[in-house]
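Take a look at the structure below.
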Amino acid sequence: MVLPRSTIPNHFSINETHHRITQIKMITINNLTMGFTNRTLFKDVSFSIFPNEKIGLTGPNGAGKTTLFSIILGEMESVSGNVQIQKNINIGFLPQEAHFDSARTVMDEITSGDDRIKNLLDEKHNLEEQNKADTGRYGDVLHELEQLGIYELEHKAEKILAGLGFKEEDIHRPINNLSGGWRMRTLLAKLLTYPYDLLLLDEPTNYLDLNATLWLKEFLKNYQGAFVLISHDRVFLNDVTNYTIILERGKMTKLKGNYETYELQKNLQQTYLERQQKVVEKKREQLERFTERFHAQPNKASAVRNKRKQLEKLETIEIPAEQRSMDDFTFDQIPQSGYVVMRADHLSKSYAEKKVYQDLEFEIIRGQKVCLVGPNGAGKSTLLKMIAGVLSPDAGTIKYGHNVSHGYFSQSRLDVLNPERTAMEEVYAASPGTQATKIRSLMGLFSFRGDDVFKQVKVLSGGEKSRLILAKLLINPPNFMLLDEPTTHLDLDGVKSLTNAFKKFEGTICFISHDLFFIKEIADTIVEVDAGKIKIYPGGLDYYLEKRQEKDAILKDQRRQERIELEEKKRKEDAKEDSENARLKALQDQHKKALKRLSEIKQLMKDLEKESQELETESYVKSRALQNLYESKDGEKIKEFGQRLKYIQARLREIESTIKQLKEERDRISK
Ligand SMILES: Nc1ncnc2c1ncn2[C@@H]1O[C@H](COP(=O)(O)OP(=O)(O)OP(=O)(O)O)[C@@H](O)[C@H]1O
Ligand SMILES: [Mg+2]
């Protein structure tokens, strides 16, 4: 039987049960349509946001995700439709990119930079001046301040800043002295410190390294309010969201469940449609065969007519083709450089009183794909900028080898793009004299189609800016590429194409990235930057992680050995103890033992927590890699990773229960 079109289940629509409808809607979006001049971004979009929903919003670069936030916030007018916002709700917003200037220190900005707090404190001050501290309003003001958590603000902020990777000394630095990435982190910390009913977060992980990302993941999992989180990181979305909004081909669909659920439902629908298509085609063949066979027989005329009618009514089932937002590309042949590409000698660099590098020696050779890793603020971007020549060292030299041409992808992309130019002018400037048709076909590769090439840089979306810089690198490729977080802002197809292109690139690359998959695929050398020194690991990401684990294991072994020796010594001393003090001694012993056990428990818990953190990291890395493996259909690896992930889950549960037992024991002893 062929189902009429209307009965094809739409797995993507949300079933708003009665219970949900009676809940208060914080935001209601009605038939929203948005676009610019010749292009519609989305049409007739309707959905609501309820309290406590943790929503992931995802879709290709330039689809209109950031634009949707701007409309909700009243910064942009939609073409038609409207957004209703419940009265008196507090909405917090983290923009995708921001130029955030402030002479305050990070901590001051957080504790007194919020308008709600500022107004209340002003009012409190005024009431005190007017001797109205005994009025009802004064009491209300104090109550509201308490509700905003003013008395624990500093304590809370410290925790959040530490989680996001701020060091103690940075917390008291003026924001104007921080790099763009750290300013964004300050904005994020501020949003997380105050209570909001709804957070709108536009790609919050773009500026975070792995540890901070993992911390944010935990924070958002336990977040009290609702949020809408834009991200291209599926693993991150899977872990923190319980609703998903997909913006694709002008449609926005909200569904219950995380990204994984969406993919599952999409596959189900795909299978369903494929099956339906087969049924319809079979029916079509049968009907056609019948009409062909009997069309000349007068006694079958009515039956043939009937079948023809049925044929006309038969619907074609269209299966939406997978559309990539960016196709694969390759770099043109590049002129070969000399063997030594770059040499740094006696390099020193300080910021104010802080020494970042002293007397650094470093060499990069032809064809090397070097990834700089290291903790926050270690100076990775500083080193890359010095190599790129956009920042001068205080002392020492950087020399390029024979026939080296370099290109730089800056993290704060506006260093290398002029906001007033059009996209096409930007590419042309990178290679003057190139024919317009060549530029346009190259830009098409990066999804600048038709009139898109005439858009001004300043209106481009986050991902479109990244794509534009890549187009500039591609038009006249240099043989030495310096890339600071090149995958940031790119959607999944963008990252895929970029990874493939750099894998095949024959020149030399020195890059910084927090995208583990990208590092794994590209790097053949890892350079660890820490405390002004560098350490070179002549291998890829796996090699580096292995070496690090070995180092940790050696340290652990050393500690265990020391503990054993100490216990042995203690035992011998104990044996020698005089027996007449036995009773006193026994008491003392008991006390000592208790103390010793307490310190053991502390150490054990520390070790377990560290192990758990490492496993969490590994699980995150492997889950990410797994997503890509599914696409490449590498059965062996999928199985191997799957098993390892299962083991990690089990071990994490085990650790959790051991920690619980240890805590109980600790409490018992302390009593
Ligand atoms: N003022 C404007 N005039 C013309 N086009 C604009 C304007 N503002 C934005 N756009 C275009 O609208 C589209 C949507 O932009 P938006 O920033 O919402 O995308 P996005 O989904 O957030 O993408 P990304 O993932 O790259 O951040 C982009 O193609 C952008 O170039
Ligand atoms: Mg955006």
*Considering region 407-442 alone, what residues qualify as being in a loop (DSSP other than H, G, I, E, B) and either closer than 26 Å to Gly181 by Cβ or small (Gly, Ala, Ser) (or both)?*
Ser410, Gln411, Ser412, Val416, Leu417, Asn418, Pro419, Glu420, Arg421, Ser431, Gly433
*Within region 450-464, track down each residue that is near ligand 1 (Cβ under 6 Å from one of its atoms) and surrounded by 12 or more Cβ atoms within 10 Å (Cβ to Cβ).*
Lys455, Leu460, Ser461, Gly462, Gly463, Glu464
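For region 121-135, check the following and say yes or no: at least one residue is in a loop (DSSP other than H, G, I, E, B), under 30 Å from Leu68 (Cβ atoms) and not charged (D, E, K, R). Walk me through it before giving the result.
Residues of region 121-135 in a loop (DSSP other than H, G, I, E, B): 130-135.
Subset that is under 30 Å from Leu68 (Cβ atoms): none.
No, every residue in region 121-135 fails to be in a loop (DSSP other than H, G, I, E, B), under 30 Å from Leu68 (Cβ atoms) and not charged (D, E, K, R).
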*Could you pull out every one of the helices (runs of 4 or more DSSP H) wholly within region 443-562 that has 1 or more residues that are within 16 Å of ligand 2 (Cβ to nearest atom) and assigned by TED's automatic domain parsing to the domain that holds Ser431?*
462-475, 492-504
*Could you run through region 205-233 and say how many residues are away from ligand 2 (no atom under 12 Å from the Cβ) and part of a helix (DSSP H, G or I)?*
14
_Residue list for region 375-406, filter: closer than 21 Å to Ala430 by Cα and either of a type in the set (D, E, K, R) or part of a loop (DSSP other than H, G, I, E, B) (or both)_ = Lys385, Gly389, Val390, Leu391, Asn403, Val404, Ser405
*Name the residues in region 290-314 that are part of a helix (DSSP H, G or I) and among the small types (Gly, Ala, Ser), would you?*
Ala301, Ser302, Ala303
_Matching entry among Ala63, Ala98 (being within 16 Å of ligand 2 (Cβ to nearest atom), modelled with pLDDT under 90 and not basic (Lys, Arg))_ = Ala98
*Please work out if Ser623 is polar (S, T, N, Q) and touching an Asp or Glu at 6+ places or on another chain (Cβ under 8 Å).*
no
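So that you can scan it fast, the table gives a plain yes or no per residue for (1) of a type in the set (D, E, K, R); (2) within 18 Å of the chain's Cα centre (by Cα); (3) in the same structural domain as Leu216 (by TED's automatic domain parsing); (4) surrounded by fewer than 15 Cβ atoms within 10 Å (Cβ to Cβ):
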position: Glu146; (1), (2), (3), (4): yes, no, no, yes
position: Leu153; (1), (2), (3), (4): no, no, no, no
position: His172; (1), (2), (3), (4): no, no, no, yes
position: Gly181; (1), (2), (3), (4): no, yes, no, no
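Which of the residues that make up region 70-117 are in a strand (DSSP E or B) and surrounded by 14 or more Cβ atoms within 10 Å (Cβ to Cβ)? Working first, answer last.
Within region 70-117, the first condition is being in a strand (DSSP E or B), and the residues that meet it are 80-85, 91-94, 105.
Selection gives Gly81, Val83, Ile85, Ile91, Gly92, Phe93, Leu94, Thr105.
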*Does Ile475 satisfy being touching a Ser or Thr at 6+ places or on another chain (Cβ under 8 Å), aliphatic (A, V, I, L, M) and more than 16 Å from ligand 1 (Cβ to nearest atom)?*
yes
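Which ones in region 515-541 are within 30 Å of Asp493 (Cβ to Cβ), modelled with pLDDT of 85 or more and of a type outside the set (Phe, Trp, Tyr)? Step through it out loud before you land on a result.
Just the residues of region 515-541 that are within 30 Å of Asp493 (Cβ to Cβ), to begin with: 515-527, 539-541.
From what's left, modelled with pLDDT of 85 or more: 518-527, 539-541.
Of everything in region 515-541, those that are within 30 Å of Asp493 (Cβ to Cβ), modelled with pLDDT of 85 or more and of a type outside the set (Phe, Trp, Tyr) turn out to be Ile519, Lys520, Glu521, Ile522, Ala523, Asp524, Thr525, Ile526, Val527, Gly539, Gly540, Leu541.
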*asked:* Which residue is surrounded by the most Cβ atoms within 10 Å (Cβ to Cβ), if the candidates are limited to region 41-60 and must be more than 16 Å from ligand 2 (Cβ to nearest atom) and aromatic (Phe, Trp, Tyr)?
replied: Phe47
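Working carefully through the options Glu636, Glu664, find the one that is exposed (fewer than 12 other Cβ atoms within 10 Å of the Cβ), more than 24 Å from Asn211 (Cβ to Cβ), at pLDDT 85 or above and of a type in the set (Asp, Glu).
On the way: Glu636 fails: at pLDDT 85 or above.
Checking each option against the conditions leaves just Glu664.
Assess whether Gly494 counts as being on the phi > 0 side of the Ramachandran plot and touching a Gly at 6+ places or on another chain (Cβ under 9 Å).
Values: on the phi > 0 side of the Ramachandran plot: no; touching a Gly at 6+ places or on another chain (Cβ under 9 Å): yes.
Taking the combined requirement at face value, the residue does not satisfy it.
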*Would you call Thr487 within 16 Å of ligand 1 (Cβ to nearest atom), in contact with a Phe, Trp or Tyr (Cβ under 8 Å, 6 or more places away or on another chain) and at pLDDT 90 or above?*
yes
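Only residues that are hydroxyl-bearing (Ser, Thr, Tyr) and without any contact (Cβ under 8 Å) to a residue 12 or more places away in the chain: list them for region 142-201, please.
Answer for region 142-201, where residues must be hydroxyl-bearing (Ser, Thr, Tyr) and without any contact (Cβ under 8 Å) to a residue 12 or more places away in the chain: just Tyr151.
Would you check which residues across region 419-457 are of a type in the set (Phe, Trp, Tyr) and in contact (Cβ under 8 Å) with a residue 40 or more places away in the chain and list them? It would help to see each step written out before you state the result.
Residues of region 419-457 of a type in the set (Phe, Trp, Tyr): 428, 446, 448, 454.
Passing the criteria: only Phe446.
Scan region 52-72 and tell me whether some residue there is among the acidic types (Asp, Glu), under 21 Å from the mean Cα position of the chain (by Cα) and within 26 Å of Arg413 (Cβ to Cβ).
no
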*Inside region 222-235, can you point out the residues that are within 15 Å of ligand 1 (Cβ to nearest atom) and under 14 Å from Asp202 (Cα atoms)?*
Val228, Leu229, Ile230, Ser231, His232, Asp233
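The values are calculated or read from the model by the stated rules, or taken from the named source; none is laboratory data. What you see is a predicted model, and the numbers here were worked out from it, not measured in a lab. All Cβ positions, glycine included, derive from the backbone under ideal geometry; neighbour counts span all protein chains shown.
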